[in-house]
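The values are calculated or read from the model by the stated rules, or taken from the named source; none is laboratory data. What you see is a predicted model; the values in this text were computed from it and never measured. For neighbour counting, all protein chains shown are included, and Cβ atoms are generated from backbone atoms with ideal geometry for every residue, glycine included.
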Amino acid sequence: MRTLASALRLHHAGASPMKRCLSTHVTNIACNDDEPGFLDSVETFYDRAAKLSGVSEKTLTAIKAVDSVLSVKFPVEIDADTHIIIEGYRAQHSRHRLPSKGGVRFSDEVDLQEVEALASLMTFKCAIVDVPFGGAKGGVKLNPKKFTPKQLERITRRYTMELCQKNFIGPGIDVPAPDVGTGPREMSWIMDTYCQFNPQDVNAAGCVTGKPISLGGVRGRNEATGLGVYYGIREFLQYLEVQRMTGLNGDIAGKTVIVQGFGNVGYWAAKFFENNGAKVIGIGEHDVAAYDPNGLNIQSIFKHRAKKGSFRGFGNAAILQNPLSILERECDILIPAALERQIGLKNVKKIKAKVIGEGANGPTTPAAHDYLVSQGKVVIPDLLLNAGGVTVSYFEWLKNLSHVRFGRMSREWEEAGKEKLLTLVEASAGRQLTPQERRAVVHGAEEHELVYSGLEDTMMGACEETRATAAAKNTDLRTAAMINAIQKIATVTEKSGKMFL
Ligand code: NAD
């Protein structure tokens, strides 16, 4: 590493929310210039829910404030003759429970406000799904496509070094995970760097989630957010009030689905909808969108994109040169799963979907949200619907702290117990089960089955709680989910006595 000193700003924001100018990417093709930036949108949604929450003003002010922010600039050697300065951030919005938790994003668009907005969403998300963590988020300002794996590794390790030195990472402090532009590979580098700084920490694997299985990851984490999106939408379709509002029945089979963003969340959401009989008729990416009213084969289009780098030339699909226009096509369910601020006042009136399931964080501006709700559309909000990722991250963290794979100590025992029970039942019924029947009953759960089941149970419970609050307060699902989060966080904040110190 060259000798340039790293510049650091370590900011403890205290109890007063920071004033800010409009974000650099406030203007985009979906939003009017005067629509709020991402952080202002999150705060608008918070303020609406706060009014209905019955929580005291003092507590509400404390919950809203971003707790701590780390802002770093560090040099990285790109080749023998060149080094560049990289900007990185980590915001811990709330530490009412520890560790704080949230992904790390690698994107050109990263700035402090985006990271703060995402960190606060994490706080509310964890509360909604009863994951006992505070909220955090990190970001590194770069386009990962412009760097080689070796360069990305150097940047990730250097960023982690900053987190280690400033005490912004650790299994009991703050635990990153994948987000836009990062995945299991980056999480391995983060873990390895943390281990080098903390060789004595026996729980070091719990310093980051979304790791490969071989390095302490949990089976099911990769697909968790998309699977949670599927479970959540499936759940809402079962509700009679949703069926009345949308005219849709409760079956997934036969529903038409459009997904924006074919990365981790979008790919897996599309896959689970397809596996359960829905027809994915459109997928939007950053360059173009693919549309086929007869349904796109998810595995084939995934392979095509991996080989050609784009959807162009895929089967019979129509290729839309304006990818954002895919959001405006007729469909039952629309899943924005790319980035924030994709549905704003410029395009919201053209949205025809009956259910909008937010896979991405912050895809809808407040004004666009209000318009959709006024039209009787069902908007299932990000802080509820994409909470599957952090739910399974929680399972991974538990696995790391317990140092044992889920099911390892109980599977054999459960199978033996069920074998004995079946033998007794067969003897009294006078009929022998076929080997297939016996296997289906006896089979003890594998790790991924336990993870799927824990995720499904969590999403079903959180959807039901949100629905109940929406009915009790006569409000929309986003406000209802936020009310539930605020009330849960307020209980912890007030009972701990921390805010009165
Ligand atoms: P990713 O990087 O794996 O995928 C994002 C995809 O969106 C990429 O394929 C990218 O090319 C595409 N994209 C970028 N700009 C686009 C545009 N303008 N239009 C259409 N597509 C575009 O990221 P991800 O992990 O899938 O995250 C997607 C969203 O879901 C983000 O908002 C993220 O914060 C949120 N999220 C992710 C997780 C997770 O576990 N990964 C959990 C909760 C929420």
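Does T160 satisfy the condition of being away from the ligand (no atom under 13 Å from the Cβ), surrounded by 23 or more Cβ atoms within 10 Å (Cβ to Cβ) and farther than 26 Å from L477 by Cβ?
yes
Can you go through T466, T475 and tell me which one is touching a residue at least 40 places away in the same chain (Cβ under 8 Å), assigned to a helix (DSSP H, G or I) and within 30 Å of E57 (Cα to Cα)?
When all the criteria are applied, what remains is T466.
So, in the range 116-148, exactly how many residues are within 18 Å of P36 (Cβ to Cβ) and under 14 Å from the mean Cα position of the chain (by Cα)?
Initially, the range 116-148 is screened for residues within 18 Å of P36 (Cβ to Cβ), giving 116-121, 124.
In the following step, the residues that additionally are under 14 Å from the mean Cα position of the chain (by Cα) were identified as 117-121, 124.
The number of residues fulfilling the criteria is 6.
Report every pair of residues separated by at least 6 positions or lying on different chains whose Cβ atoms are under 6 Å apart, first residue within the range 110-121 and over 15 Å from D174 (Cβ atoms), second within 11 Å of the ligand (Cβ to nearest atom) and modelled with pLDDT of 95 or more.
What qualifies is V110/G139; L121/N361; L121/L383.
Mind listing just one residue for me: the one in the range 308-328 that is more than 14 Å from the ligand (Cβ to nearest atom) and of a type in the set (G, A, S) and, of those, surrounded by the fewest Cβ atoms within 10 Å (Cβ to Cβ)?
Out of the qualifying residues, it is G313.
Test N386 against the stated conditions and say whether it is more than 27 Å from A177 (Cα to Cα) and within 16 Å of the ligand (Cβ to nearest atom).
Values: more than 27 Å from A177 (Cα to Cα): no; within 16 Å of the ligand (Cβ to nearest atom): yes.
For N386, the condition - more than 27 Å from A177 (Cα to Cα) and within 16 Å of the ligand (Cβ to nearest atom) - is not met.
Pick from W397, W413: which is in a helix (DSSP H, G or I) and within 27 Å of L433 (Cα to Cα)?
On the way: W397 fails: within 27 Å of L433 (Cα to Cα).
Of W397, W413, the one residue that is in a helix (DSSP H, G or I) and within 27 Å of L433 (Cα to Cα) is W413.
Quickly run through the range 235-250 and pick out the residues that are surrounded by fewer than 18 Cβ atoms within 10 Å (Cβ to Cβ) and of a type in the set (D, E).
Within the range 235-250, E241 is the sole residue that qualifies.
Taking the range 329-356 only, how many residues are part of a loop (DSSP other than H, G, I, E, B) and either of a type outside the set (V, I, T) or surrounded by fewer than 20 Cβ atoms within 10 Å (Cβ to Cβ) (or both)?
17
Restricting attention to the range 424-469, report how many residues are closer than 16 Å to I233 by Cβ and among the aliphatic types (A, V, I, L, M).
4
I'm trying to understand the selection: among the residues of the range 30-51, which are aliphatic (A, V, I, L, M) and part of a helix (DSSP H, G or I)?
Listed by number, the residues that qualify are L39, V42, A49, A50.
Restricting to the range 204-233, name every residue that is aliphatic (A, V, I, L, M), touching a residue at least 24 places away in the same chain (Cβ under 8 Å) and under 18 Å from E186 (Cβ atoms).
Taking the range 204-233 first, the residues aliphatic (A, V, I, L, M) are 204-205, 208, 213, 215, 218, 224, 227, 229, 233.
Restricting the remaining residues to those that are touching a residue at least 24 places away in the same chain (Cβ under 8 Å) gives 204-205, 208, 215, 218, 224, 227, 229, 233.
The answer is A204, A205, V208, L215, V218, A224.
Go through V392, V373 for me and flag whichever is surrounded by 13 or more Cβ atoms within 10 Å (Cβ to Cβ), within 16 Å of the ligand (Cβ to nearest atom) and either more than 24 Å from the chain's Cα centre (by Cα) or part of a helix (DSSP H, G or I) (or both).
V392
Looking at the range 428-452, which of its residues are surrounded by 12 or more Cβ atoms within 10 Å (Cβ to Cβ) and not in a helix (DSSP H, G or I)?
Selection gives Q432, L433, H443, G444, A445, E446.
Would a scan of the range 46-61 turn up a residue that is out of contact with any Cys (no Cβ under 8 Å at 6 or more places or on another chain), crowded, with 24+ Cβ neighbours inside 10 Å and not basic (K, R)?
Looking through the range 46-61, at least one residue is out of contact with any Cys (no Cβ under 8 Å at 6 or more places or on another chain), crowded, with 24+ Cβ neighbours inside 10 Å and not basic (K, R).
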